[in-house]
Amino acid sequence: MKLRFSIGAAILAVTFVSCDSGGSSEPNLGDKAVARINDTAMQVYFIKIQSAAQKFRAVRGVDPADVSELVSERLLDGPSATDPWGNPWVLDTSSGQLTVISYGADGQPGGSEEARDRQSR
């Protein structure tokens with residue numbers, strides 16, 4: 001039993017060390033993992049919104065002007081109409097294809113880190 005505790009303690013210690021930035025401004029392993037999870041979650045949102053927009057286009061013959069049209073047509077649930085920061089997703093069709101955009105934490109174009117823009121591929 002003591003051996004199991006020692007191995008568990010060692011794993012726990014390694015986990016804490018790898019996630020502690022030690023005051024450094026460099027992203028640590030924990031920050032990178034969280035960022036990767038967040039980016040993956042954003043891609044799920046993008047797919048969900050693009051799918052709803054395709055259904056809208058099939059019925060209406062035009063792209064939706066914004067996500068509120070997708071919600072009013074019951075193609076998208078209300079909570080999915082805003083990005084993780086509570087800002088409405090932006091739908092851009094200027095390239096001829098629908099691009100879903102989040103302007104990040106500040107809700108404004110541009111920015112870095114949490115305020116950086118993210119868009120569907």
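Please treat every number below as a calculation from the coordinates, not as lab data. All of these numbers come straight from a predicted model, not from anything done at the bench. Counting neighbours? That spans all protein chains shown, and the Cβs are built from the backbone with ideal geometry, glycine included.
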**Q.** For segment 30-119: relative contact order, % (alpha-carbon pairs under 8 angstrom, 6 or more apart)
**A.** 18
Q) Going by a ≥ b ≥ c, the root eigenvalues of the Cα gyration tensor, does segment 30-119 fall in the rounded group (a/c under 1.5), the prolate group (a/b larger than b/c) or the oblate group? A) prolate
**Q.** Inter-site label distance for Lys48 and Ser68 at 7 Å from Cα along Cβ, in nm
**A.** 2.1
